[in-house]
Amino acid sequence: MKTGPDTSISQTAGPGSIRNAVEREAPSVDKPAHPTRRRIPAVDMARGTALAAMAVYHFSWDLSFYGLADIPVTSAAGWIAFARMIAGSFLALVGVSLVLAARGGINWRGYGRRLAQVAAAAAAITVATWFAFPGAFIFFGILHAVALFSVLALAFVRLPPVLTLAAAALAFAAPSLVSAPLFDQWWLLWTGLGTFFPPSNDYVPLFPWFGATLTGLALARIAEGRGLWDRLADWRPDTGLARLASLAGRHSLLVYLAHQPVLLALLGAVAWAVQ
């Protein structure tokens, strides 16, 4: 009884039959069985755009800090919403990047190297701001969140997107559901479940912000199932501004670390000159 297609090659088969049989059985080199990791310029451009928005926010904050302009970046609802959108964009892109990195299998050496770089940069920012802004130093900012969420989100990379979206909803709701004085202790402030907002120039706690990463991850999985990443893989930015954004996105950690010190130094010189 035959239980499958007959792929045997008879002794009397000619060269053409042998070639056809081999072609049926051999895996295609043009269409790999598993997706391969390819850099998606559109994702780099999105990250670069978020960096540009962050630079605008920091430039405005610096103008206010030096007294060069009266801009309520920390109190006006519009500015607060702008800052949250920027942070949410970065954290959602962490989830997107994890899905793309997992295509064809995660390169654990590269992942570990990148994670170590982000964690080291986060620690450096904590130390630097401890001296520069001792009353509002950054103990758990955007880079701290990126490092932690890059690890925690690994557990969701292969889960169905609907479950990841459910977990994201719980993460967003957690501060309202679980907030308690227990989490007001300094060593638990990173959870975001305390009863007050600690003084810090950049505070991006686990809850609710992990929800942004999980949302980005789930949407990236949905996009993967619809073949979006394969369609975007060959697209290239075709304008100077788009190429600049894509370049910044490819080197996002360097741009993030460099732009604020540069802005502070330049605007500090301006403030010294006019006052």
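The values are calculated or read from the model by the stated rules, or taken from the named source; none is laboratory data. All values derive from a computational prediction rather than experimental measurement. All Cβ positions, glycine included, derive from the backbone under ideal geometry; neighbour counts span all protein chains shown.
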(message) Return the residues of segment 180-222 that are without any contact (Cβ under 8 Å) to a residue 60 or more places away in the chain and within 18 Å of the chain's Cα centre (by Cα); say none if nothing qualifies.
(response) PHE207, PRO208, GLY211
(message) If the requirement is being touching a residue at least 12 places away in the same chain (Cβ under 8 Å) and over 30 Å from TRP186 (Cα atoms), which of these qualifies: ALA269, ALA248, ALA273?
(response) ALA248
(request) Collect the residues in segment 223-245 that are in a loop (DSSP other than H, G, I, E, B) and either of a type in the set (Lys, Arg) or touching a residue at least 12 places away in the same chain (Cβ under 8 Å) (or both), keeping them in residue-number order. (result) ARG226, ALA233, TRP235, ARG236, PRO237
(message) Just to check your reading of the model, which residue among PHE82, PHE90 is in a helix (DSSP H, G or I), in contact with a Phe, Trp or Tyr (Cβ under 8 Å, 6 or more places away or on another chain) and among the aromatic types (Phe, Trp, Tyr)?
(response) PHE82
(request) Of the conditions (1) of a type outside the set (A, V, I, L, M); (2) assigned to a helix (DSSP H, G or I); (3) surrounded by fewer than 20 Cβ atoms within 10 Å (Cβ to Cβ), GLY95 clears all except one; give me its number. (result) (3)
(request) May I ask you to verify whether ALA132 is farther than 25 Å from GLY216 by Cα, surrounded by fewer than 19 Cβ atoms within 10 Å (Cβ to Cβ) and modelled with pLDDT under 95? (result) yes
(message) Checking the condition buried (at least 17 other Cβ atoms within 10 Å of the Cβ), in contact with a Ser or Thr (Cβ under 8 Å, 6 or more places away or on another chain) and in a helix (DSSP H, G or I), which residue from PHE183, PHE210 passes?
(response) PHE183
